[in-house]
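Okay, structure first, notes after.
Read the figures in this text as sums done on the coordinates, not as results from a lab. None of these values were measured; they are calculated from a predicted model. All Cβ positions, even for glycine, are placed from backbone atoms using ideal geometry, and neighbour counts span all protein chains on display.
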Amino acid sequence: MSNGYVSPTIDFSRRAHLSEWMDEPCSYEDFRDCLKDLDRINRIIFGYSPTLTWLEQYADADAPLHIVDVGCGGGDMLRRIDAWAQSRNLPVHLAGIDINPHAARAAREFSSRSSRIEWITGDAFSYDPPVPIDLVISSLFTHHLTDSEIVRFLQWMDRVTTRGWFISDLHRKPIPYYLFSALATLMRPHRFIRHDGLISIRRSFDRDDWENYCAIAGLDQNGVNIYTMRPARLCVAREKP
Ligand SMILES: C[S@@+](CC[C@H](N)C(=O)[O-])C[C@H]1O[C@@H](n2cnc3c(N)ncnc32)[C@H](O)[C@@H]1O
């Protein structure tokens with residue numbers, strides 16, 4: 001297993017090829033507790049707000065808005081979107097897909113019994129939606145992919161969505177890295193989070209990476225917005241005309 005703890009020689013100039021403990025076989029309890037602490041960290045570093053802010057432009061939809069969250073983990077983002085939609089009387093069909101079967105189990109455990117969010121276990125690439133998807137979102141997901149998988153993911157999202165897609169992931173630079181390191185020291189989260197958090201930042205992206213992926217995917221650069229959301233996110237957004 002890789003060791004992602006702070007070193008004075010961290011190279012932020014390129015994506016690190018390191019693995020995360022949460023992607024390796026583990027017990028359900030470890031995976032669930034890791035997701036719980038990921039939610040704690042997400043709340044502290046405003047991890048949900050880039051997606052919720054981006055979704056505001058779709059708040060006037062009159063037909064049910066079909067939103068799929070890829071790499072949904074424990075489903076905290078979709079529960080927030082559900083609450084956001086209910087507060088606006090907005091009809092939605094929400095689905096979360098995650099490759100790890102522990103994720104759907106944890107998402108059901110974390111959700112109320114009345115929740116209508118659909119939890120699917122599967123690889124994002126083999127998901128064949130039964131009905132057209134309006135929006136695909138993902139948060140802290142794309143850094144789990146190789147460069148060529150990211151290009152495929154961009155092409156897949158652009159093909160299956162009718163209205164647009166949004167990626168919220170980490171910005172590969174020193175400030176998020178040392179901020180997370182300090183936060184992990186203070187919060188003492190699950191050991192997966194302490195290890196994977198630093199590695200996630202090293203596996204994540206800068207603007208040039210996303211420009212290259214979009215170009216290779218054949219996307220019109222003018223139709224894609226790449227922007228930072230402080231303190232740690234780099235977002236990629238596409239709204240279809
Ligand atoms: C860091 S977690 C992010 C969870 C959640 N989106 C969040 O923001 O807290 C990344 C998730 O992506 C999932 N994942 C990794 N590769 C995947 C793939 N090819 N298809 C679907 N899910 C995948 C992992 O199982 C994990 O639950």
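Side notes on the structure shown:
- Neighbourhood net charge (9 Å Cβ-Cβ; Lys/Arg +1, Asp/Glu -1) for Phe12: +2
- Net charge of Cβ neighbours under 12 Å - reference Ser181; Lys, Arg +1; Asp, Glu -1: +2
- Placing a pseudo-label 7 Å from each Cα along the Cα-to-Cβ vector at Gln86 and Lys240 gives an inter-label distance of 2.9 nm.
- With the charge dipole of the chain set up from +1 on Lys and Arg Cβ and -1 on Asp and Glu Cβ about the Cα centre, the Cα lying farthest toward the positive end among the listed residues His66, Ala182, His171 is that of Ala182.
- Computed about the Cα centre, the dipole magnitude for the chain is approximately 640 debye when only Lys and Arg (+1) and Asp and Glu (-1) carry charge, each at its Cβ.
- For the chain, convex hull of alpha carbons as volume per residue, Å³: 122 Å³
- Residue (of Trp156, Cys34, Met77) at the positive-pole extreme of the stretch 22-239, dipole from beta-carbon charges: Cys34
- 13 Å reach of a label modelled at His93, 7 Å along Cα-to-Cβ, counting backbone N of the stretch 161-203: 162
- From least to most packed, judged by other beta carbons within 10 angstrom and beginning with the fewest, Thr121, Thr161 follow the order Thr121, Thr161.
- Mean-position separation - Cα centroids, the stretch 48-112 and the stretch 186-241, in angstrom: 19 Å
- The chain - mean residue ellipticity at 222 nm from DSSP helices (-39,500 (n - 2.57) per run, n ≥ 4, rounded to 500): -12500 deg cm²/dmol
- Listing Leu154, Leu35 from fewest to most neighbouring C-beta atoms within 10 Å gives Leu154, Leu35.
- Arg113-Asp30 pseudo-label distance in nm [points 7 Å out on the Cα-to-Cβ vector]: 3.3 nm
- Full extension of the segment from Ala215 to Lys173, taken as 0.36 nm per residue of separation minus the current Cα-Cα distance, would add 12.9 nm.
- The local environment of Pro129, defined by Cβ-Cβ distances under 12 Å, has a net charge of -2 under the rule Lys, Arg +1 and Asp, Glu -1.
- Likely footprinting exposure, Cys26, Cys34, fewest C-beta neighbours within 10 Å first: Cys26, Cys34
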